[in-house]
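What follows draws every value from the coordinates through simple rules; no lab data is involved. All values reported here derive from a predicted model rather than from experimental measurement. Note that each Cβ is placed from the backbone with ideal geometry, even for glycine, and that neighbours are counted across all protein chains shown.
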């Protein structure tokens, strides 16, 4: 039973365009959401997070949107750069779960020059 | 400020053997979690340690065990290794302060069981 789903295994975009990565969740107790980026042979690197009391959080080129009613979040990268090419993981945690993270399977983003 | 470091980076073990993986938490962090990432999957939560006590466990059998030391470093021990234990093992540290916060990951240990 996958509580966090990333339905697109891969995404390819042109440099300078917008990348939109999507994530759906089923557990209504989740109240904190994070995006991590992972390069081969490295551990996941924290990118951006959002609390369930917000619907948008922005950090430079990265913006995360949360739609609680749809149990959906998305990560927007504008403009996309070749160095953004990596696997992106969506993760969620719930208060009372001792902050354990539940991850999706990831989306491989390729940004073409 | 030092990041999360894990050792070794790679190792190969034979089925039935035991293995110990090590993690040094990021300076100032008091919580460490371990995750298993199988090929093509997202990381799966194994367990978490807070102030040297296990503080949450995922769906892993008891042959997966751990320790957290006073300096907040940690070990993951796996007994009676099985072929399916082959995976990337990730350690993540964070500072628990009553609210959700991000966890910072090490580079992982790639375990291959043959």
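Taking other C-beta atoms within 10 Å as the exposure proxy, B:74, B:7 rank B:7, B:74 from fewest upward. The fewest-to-most ranking of B:50, A:25 by surrounding Cβ atoms within 10 Å reads B:50, A:25.
If contacts are Cα pairs under 8 angstrom and at least 6 residues apart, what is the relative contact order of chain A in percent?
Working: 275 pairs, mean separation 41.4, N = 113.
So the answer I get is 37 percent.
Measuring between their Cα centroids, the stretch B:71-87 and the stretch A:47-113 lie 29 Å from each other.
Between residue A:45 and residue B:67, what is the FRET efficiency for a Förster distance of 25 Å, r being their Cβ-Cβ separation, to the nearest 0.05?
Numbers: r = 26 Å, r/R0 = 1.05.
Rounded to the nearest 0.05, the efficiency is 0.45.
The fraction of Cα-Cα pairs per 5 angstrom bin, counted from 0 for chain B, comes to 2, 13, 24, 26, 19, 10, 4, 1, 0 percent, rounded to whole percents.
As a proxy for reagent exposure, ranking B:32, A:4 by other Cβ atoms within 10 Å from fewest up yields A:4, B:32.
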